[in-house]
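Before we start, here is the structure in question, set down as structure tokens.
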Amino acid sequence: MVQSQSARLQVPYTPERGSSEGGWRSGLPLLPRRSLSAALLLAAGCGVAGLLALWWRQTPADRLQSLPDYLVMLAQITGLVGAYLLLIEIALMARFPWLERRLGSWLASAHRSLGGYLVLLLCAHVGLVVAAYSVSLRAAPPEVVVSILRTYPGVLAATAGFLAMLLAGFTSARSIRRRLGYEGWHAIHLLMYPAAAAAFWHQLSLGAQFTRNPWAAEAWAGLHTVVAAAVISNRIVIPFLSNRRHRFRVARVEMVGADVVSVYITGRHVAELGAEAGQYFRWRFLSRGLWYQAHPFSLSAAPQQNTLRLTFKCVGGYTKRLKRRLRPGARVLLDGPYGAFTGVLRRRRGVVMIGGGIGTTPLRAIAETLPGRRRDIVFIQRASKTADLVLTRELEALDRAGRIIYIPAVGSRKNDPLSADRLLDLVPDLGDRDIFICGSAGMTAATVRNLRRAKVRRGRIHTEIFDF
Ligand SMILES: Cc1cc2nc3c(=O)[nH]c(=O)nc-3n(C[C@H](O)[C@H](O)[C@H](O)COP(=O)(O)OP(=O)(O)OC[C@H]3O[C@@H](n4cnc5c(N)ncnc54)[C@H](O)[C@@H]3O)c2cc1C
């Protein structure tokens, strides 16, 4: 049974220093996350500089004489940089396995952050073009818009793409995203691919930097071809071939809580996937009412020879249907494994895992695989009420087996059971440990803040957010 947090707090665990029992080695050396992400940002920045240089070379000073000239100049710059950002946005989601394995959710959060700038740049581009023509033709903006749409080839498709991007940007605001659910949000985001194709056609047919410079046009087309090939290969061809080989099926569906379900999947040659505890797949269950959607779920147990397991909580339409309709024998298509949130991030002997609600799943899988003594791995499970604690029996079993110290921490946000002081009470050597957190964006941000207050270094905190 779950013990109350106060009972645990009366018997805090005391750190033991200098003991070498319980074999443990640091994870494989990976190129540090920060250096790799900084290198990517630098490369992206160099691309922007290159585009600006191209624009500069092709824009003689005497072409800038009037207000419309300046407006066109700004429209060209915002259009060029916006188009480049759109390409980067798509590349970030192209699922390059090497990058996914090292940067994981950083790629998705960079994609989310850049999305806002992309929408701003494209709005500026459209506004500046319309303003430039309005001033030079002395015409009202709506008249100019109609005239541009009628006159220039490809602008109509590019405008449709622009509107789709606006919609994607608008629906990415957290409050709207929550209301829309994963299904609606994902469908809108799929529109980005035709939108990007329309934008590309527009740039090559009307972008002065490309119409006047065939080399630049070829390089630009080459860059787009590479990214398109990566998307098609990593997101369609490789998953298709992989699923043909592995032939995954649902082996067992097990209710592990009122609204929490574990699903066991078997397949051939599972080890070839190279999946690790903590990673996630996008799962598509080929059953009635489920086959047309793929949702991300983490592995909730370490992969076995021929078995994978996920555990999901019923939160919306899809997960509720999944609970009702999923039966053993159903075929499953997997896309993945994705994510860098694995035991490889461990650099210290001591580890604290903090799982918020269903965010416990990848942590439970990682905890199962981490070598060490019982006291090395403190597993804190955060929930607002006891009913929201998931996989408790399994965590208690790991505790009894001497693999982890399991601490359920139940309490409202107001009376945060994971405030900095309470965290230090629970784990006095907190600053000397690696911290793995998984949960909602709000819970993760609050916990990171508390850990920082407790003087834990940022580099020791590893997070995974169940957000899209
Ligand atoms: C990398 C990653 C790994 C994930 N791993 C798991 C996992 O192992 N197990 C699991 O159950 N879920 C996991 N999720 C979340 C899971 O993908 C969503 O819960 C699922 O797609 C919801 O689909 P839906 O149509 O049922 O609900 P939606 O209609 O998409 O959502 C319904 C409502 O629930 C909210 N919501 C969505 N997800 C959650 C959540 N996890 N907790 C509370 N509220 C939520 C939404 O904001 C919305 O308000 C993961 C997400 C990501 C990005």
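Once both axes come from the Cα atoms, what is the angle between helix 33-57 and the longest principal axis of the chain, in degrees from 0 to 90, rounded to 10?
Helix 33-57 and the main axis of the chain meet at about 0 degrees.
Count charges around residue 291 for me, please; just the other residues with Cβ under 10 Å from its Cβ, Lys/Arg as +1, Asp/Glu as -1.
Here the count lands on +3.
If the cut-off is a Cα-Cα distance under 24 Å, which lysines reach residue 320, setting aside same-chain residues fewer than 8 apart in sequence?
385
Between residue 61 and residue 217, what FRET efficiency follows from the Cβ-Cβ distance if R0 is 25 Å, with the result rounded to 0.05?
E between residue 61 and residue 217, to the nearest 0.05, is 0.55.
May I ask you to derive the FRET efficiency for residue 201 and residue 387 from their Cβ-Cβ distance with R0 = 51 Å, giving the value to the nearest 0.05?
After rounding, the FRET efficiency stands at 0.45.
Let me ask another. Could you order peptides 84-96, 325-337 by the average number of other Cβ atoms within 10 Å of their residues, highest first?
The peptides rank, most packed first, as 84-96, 325-337.
Moving on. Compute the relative contact order of the chain as a whole-number percentage, counting only Cα pairs closer than 8 Å that sit 6 or more residues apart in sequence.
This gives 16 percent for the chain.
How much length is gained if the chain between residue 173 and residue 98 is pulled fully straight, taking 0.36 nm per residue apart and subtracting their Cα-Cα distance, in nm to one decimal?
24.1 nm
Where does the charge balance sit around residue 320 when Lys and Arg score +1, Asp and Glu -1, over other residues with C-beta under 14 Å from its C-beta?
Spelling it out: positives minus negatives among the neighbours equals +3.
With everything on Cα atoms, drop me the angle between helix 141-151 and the longest principal axis of the chain, reported from 0 to 90° to the nearest 10.
80 degrees
I need the calculated FRET efficiency for the pair residue 42 and residue 240, taking r as the beta carbon distance and R₀ as 35 Å, to the nearest 0.05.
Efficiency computed from Cβ-Cβ geometry: 0.50.
Would you mind calculating the gained length between residue 315 and residue 140 on full extension (0.36 nm times residue separation, minus the Cα-Cα distance), in nm to one decimal?
58.1 nm is the gain from fully extending residue 315 to residue 140.
Under 19 Å between alpha carbons, and skipping anything fewer than 8 positions from residue 323 in its own chain: which lysines qualify?
Those lysines meeting the cut-off are 313.
Would you work out which of 198, 145, 216 lies farthest towards the positive end of the dipole of the chain? Charges go on Cβ: Lys and Arg +1, Asp and Glu -1.
Checking the options against the dipole of the chain, the answer is 198.
Something else now. What distance in nm separates the two pseudo spin-label positions at residue 229 and residue 413, each 7 Å out from Cα along the beta-carbon direction?
In this crude label model, residue 229 to residue 413 measures out at 4.8 nm.
Near residue 103, within a Cβ-to-Cβ distance under 13 Å, what is the net charge of the other residues, with Lys and Arg +1 and Asp and Glu -1?
Neighbourhood net charge equals +3.
Give the angle, between 0 and 90 degrees and rounded to the nearest 10, that separates the Cα long axis of helix 214-232 from the longest principal axis of the Cα atoms of the chain.
30 degrees
Put +1 on the Cβ of each Lys and Arg and -1 on the Cβ of each Asp and Glu in region 247-338; which of 294, 257, 326 then has its Cα farthest toward the positive end of the dipole?
326
At 7 Å along the Cα-to-beta-carbon direction for both residue 34 and residue 458, put a label point, then send me their distance in nm to one decimal.
Rounded to a tenth, the inter-label distance reads 0.7 nm.
Extension gain residue 249-residue 150, at 0.36 nm per residue separation less the Cα-Cα distance, in nm?
Contour length minus Cα-Cα distance gives 30.4 nm.
Readers should treat all values here as calculations from the given coordinates under stated rules, not as data from a laboratory. Fair warning: this is a prediction, and the values are worked out from it, not measured in the lab. Heads up, the Cβs are rebuilt from the backbone with ideal geometry, glycines too, and the neighbour counts pull from every protein chain shown.
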